[in-house]
1. Once phi is turned into ³J(HN,Hα) by the Karplus curve 6.51 cos²θ - 1.76 cosθ + 1.60 with θ = phi - 60°, what whole-Hz value does each residue of the range 20-35 show in order, with x for glycine and proline?
2. Given only helices, namely DSSP H runs of n ≥ 4 each adding -39500 (n - 2.57), what is the per-residue ellipticity at 222 nm of the chain, to the nearest 500 deg cm²/dmol?
3. Carbon and sulfur together cover what percent of the accessible area of the chain at a 1.4 Å probe radius?
4. Might you report the magnitude of the Cβ-based charge dipole of the chain about its Cα centre, with Lys and Arg at +1 and Asp and Glu at -1, to the nearest 20 debye?
5. Taking N as the number of residues in the chain, what is its alpha-carbon radius of gyration divided by 2.2 N^0.38 Å?
6. Sequence-distant or interchain residues sharing an amide H contact under 5 Å with residue 19, placed H: which?
7. Using the Karplus equation 6.51 cos²θ - 1.76 cosθ + 1.60 (θ = phi - 60°), what ³J(HN,Hα) coupling, rounded to whole Hz, does each residue of the range 43-51 give in order, writing x for Gly and Pro?
8. With every protein chain left in place, what is the accessible area per residue of the chain in square angstrom, probe 1.4 Å?
Amino acid sequence: VQNLPPDLVDAASGRPVRGVQVVGFYAGSTGQDAGLQRGDVLTSADGRPIVDTPTFLRDVAGRRPGTKLALEGLRPGRGEFTTTVAIVERPR
């Protein structure tokens, strides 16, 4: 994931968008299985706003493999979505 530009605005609603953008997937990750796509903007994790990339990655890294993480986000051109991702150990 990467940080969003600080001045990003949702074209449909005109509201500022905060979160992180999916730029790719590690082999063996569960993001794609959960329906995530490159370009998706993740806005909240377990109901808490996603502030920036380092904070989001620390939150994910602090979870035990096998636990679930509820995500909310925006898919450009499609609108809002929700999904649940299973946490797995990051490949080395």
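The values are calculated or read from the model by the stated rules, or taken from the named source; none is laboratory data. All values derive from a computational prediction rather than experimental measurement. As a convention, Cβ positions derive from the backbone with ideal geometry for all residues, glycine included, and neighbour counts pool all protein chains shown. Side chains are part of the model used for accessible areas, which takes the heavy atoms of the whole protein and leaves out ligands, DNA and RNA. Shrake-Rupley method; radii C 1.70, N 1.55, O 1.52, S 1.80 Å.
1. The phi angles translate into 9, 10, 6, 10, x, 9, 6, 4, x, 6, 9, x, 5, 4, 7, x Hz.
2. Details: 1 runs with 9 residues, N = 92.
Rounded to the nearest 500, it is -3000 deg cm²/dmol.
3. Working: 3140 of 6130 Å².
Solvent-exposed carbon and sulfur of the chain make up 51 percent of the total.
4. On the way: 12 positive and 10 negative charges, 50 e Å.
About 240 debye.
5. Values: Rg = 12.8 Å, N = 92, 2.2 N^0.38 = 12.3 Å.
Against the empirical 2.2 N^0.38 Å value, I get 1.04 for the chain.
6. Sorted by chain and number, the residues that satisfy this are 4.
7. 10, 8, 10, 6, x, 9, x, 8, 8
8. On the way: 6130 Å² over 92 residues.
Each residue of the chain exposes 67 Å² on average to a 1.4 Å probe.
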